[in-house]
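Have a look at the structure below before the remarks.
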Amino acid sequence: MNIKKNDPGKVLSLGKDARGNDVYALSVKGERGMVYRLVESFLNMYGIGENELSFVDSGAGDSFYLLAGLYCCRFPLLVPLGRYLISTGLKKHYGRLSQLTVDVQSRLVNLP
Amino acid sequence: MKIIYHCYGGAHSSVIAAAIHLGLLPENRVPTREEICAVPLYDRQGADEHGHFFFMGKDQAGHEVYLTARRSRPEVLENIFTGLAGIFGISSADYYLVNVMGKVNLTMKLGGFLSRRWGVTRVGRPIVTVGTQAAYFQIVKLVQRVKSEVGGYGENPVFQRKHFSTCRSGRDDSHGTPDGRGETGQKYLEPAVFEYQKK
């Protein structure tokens with residue numbers, strides 16, 4: 001997936017999961033707390049129930065490999081190295097990410 | 001419709017724009033320092049509140065006026081808002097995001113930085129207030145443009161406030177129907193609702 005530089009905060013639709021829930025991705029560099037407040041405030045403003053939207057922080061930005069890979073991808077000559085670092089980072093954190101999705105799915109099942 | 005004024009810290013320019021929009025500050029003259037400082041939320045919001053939508057009140061056309069802070073990332077606010085609105089089927093005609101940052105001058109930036117970032121309110125607030133007074137009519141122009149684009153304020157939003165102020169019970173409505181309802185169907189009996197709270 002290619003997120004352009006001028007698209008921070010753009011909500012990308014990724015499809016539906018097995019239970020029919022819509023899945024979206026949102027990427028913002030830094031400003032984590034502000035994004036949480038924006039989303040929470042938006043839901044309050046329009047009176048949308050908290051159960052309508054589950055906002056999950058993947059924490060991908062915390063990985064050194066991913067951050068280094070993203071940085072390398074800025075320079076054309078270092079793109080191959082950047083991609084290698086990103087794939088290494090994803091492999092390293094794959095277990096954590098899959099566990100995260102399992103947790104989210106189980107949480108959704110338990111919703112009233 | 002929800003009209004959302006946004007700026008870097010949600011403490012000065014967006015607060016002033018929202019106050020002008022609601023008729024809390026005059027459009028025909030520069031307010032005094034005391035009048036500006038008396039506006040709720042002026043020079044108040046902290047960094048830990050950035051991103052919250054603060055409800056300022058309802059204007060005479062029934063539009064809800066909010067303000068928020070989005071630091072130096074207006075595109076993040078716009079993209080997230082548009083994206084969430086799309087997910088929940090909210091029409092783009094139901095909200096209007098207004099970036100007030102273009103009207104902020106250097107004095108406001110300096111005073112705001114001193115007051116909000118460094119916490120030197122005693123020094124920063126007078127400076128930012130002077131800057132606000134200097135940029136005041138530009139903000140007024142922006143608000144008038146927003147009102148004319150949004151509509152629902154009668155023929156001329158500039159003169160509407162003056163027209164309404166002559167009414168004994170808050171607002172006159174000579175353009176409305178005999179039962180006291182205006183063009184938007186709202187009864188003009190109460191002053192603008194004013195509550196600043198986290199929404």
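Read-outs throughout are calculated quantities, based only on the coordinates presented, and are distinct from any laboratory measurement. Here the structure is a predicted model, which means the values were calculated and not measured. Methodologically, a virtual Cβ is constructed for each residue, glycine included, from the backbone with ideal geometry; neighbour enumeration extends over all protein chains shown.
For this structure, a couple of remarks:
- Radius ratio Rg over Rh of segment A:1-55, counting only Cα atoms, Kirkwood formula for Rh: 0.99
- Charge dipole magnitude, Cβ of K and R +1, D and E -1 - segment B:12-120, Cα centre, debye nearest 20: 400 debye
- Restricting attention to segment B:2-155, close to 25% of DSSP beta bridges with both partner residues there are antiparallel.
- Computed over chain A: relative contact order in percent, which uses C-alpha pairs under 8 Å that are six or more apart: 14 percent
- Segment B:1-74: mean projected area of Cα convex hull, nm²: 5.0 nm²
- Averaged over peptide B:80-92, the number of partner chain Cβ atoms lying within 10 Å of each residue's Cβ comes to 5.
- Set the Cα radius of gyration of chain A against 2.2 N^0.38 Å, with N its number of residues, and you get 1.22.
- Inter-part distance, segment B:90-157 to segment A:6-52, computed on C-alpha centroids, equals 28 Å.
- Pairwise label distance in nanometres, A:Asn51 with A:Arg19, each label 7 Å out on the Cα-Cβ vector: 1.1 nm
- Each stretch of four or more DSSP H residues adds -39500 (n - 2.57); spread over every residue of chain A, this sum gives -16500 deg cm²/dmol at 222 nm.
- Among the chymotrypsin sites (Phe, Trp or Tyr not before Pro) within segment A:37-112, those in coil by DSSP and having at most 14 neighbouring Cβ atoms inside 10 Å are A:Phe55.
- A compact globular protein would have a Cα radius of gyration near 2.2 N^0.38 Å; the ratio found for segment A:58-112 is 1.46.
- Note on B:His50, B:His12: ascending count of other Cβ atoms within 10 Å places them as B:His50, B:His12, the fewest first.
- Convex hull of alpha carbon positions in segment B:49-121: directionally averaged projected area 6.3 nm².
- Under the Karplus curve 6.51 cos²θ - 1.76 cosθ + 1.60, θ = phi - 60°, whole-Hz ³J(HN,Hα) for segment B:62-77, x wherever Gly or Pro sits: x, 6, 7, 10, 10, 9, 8, 10, 10, 6, 9, 10, x, 5, 5, 4
- Volume per residue of the C-alpha convex hull in segment B:2-155, rounded to whole Å³: 101 Å³
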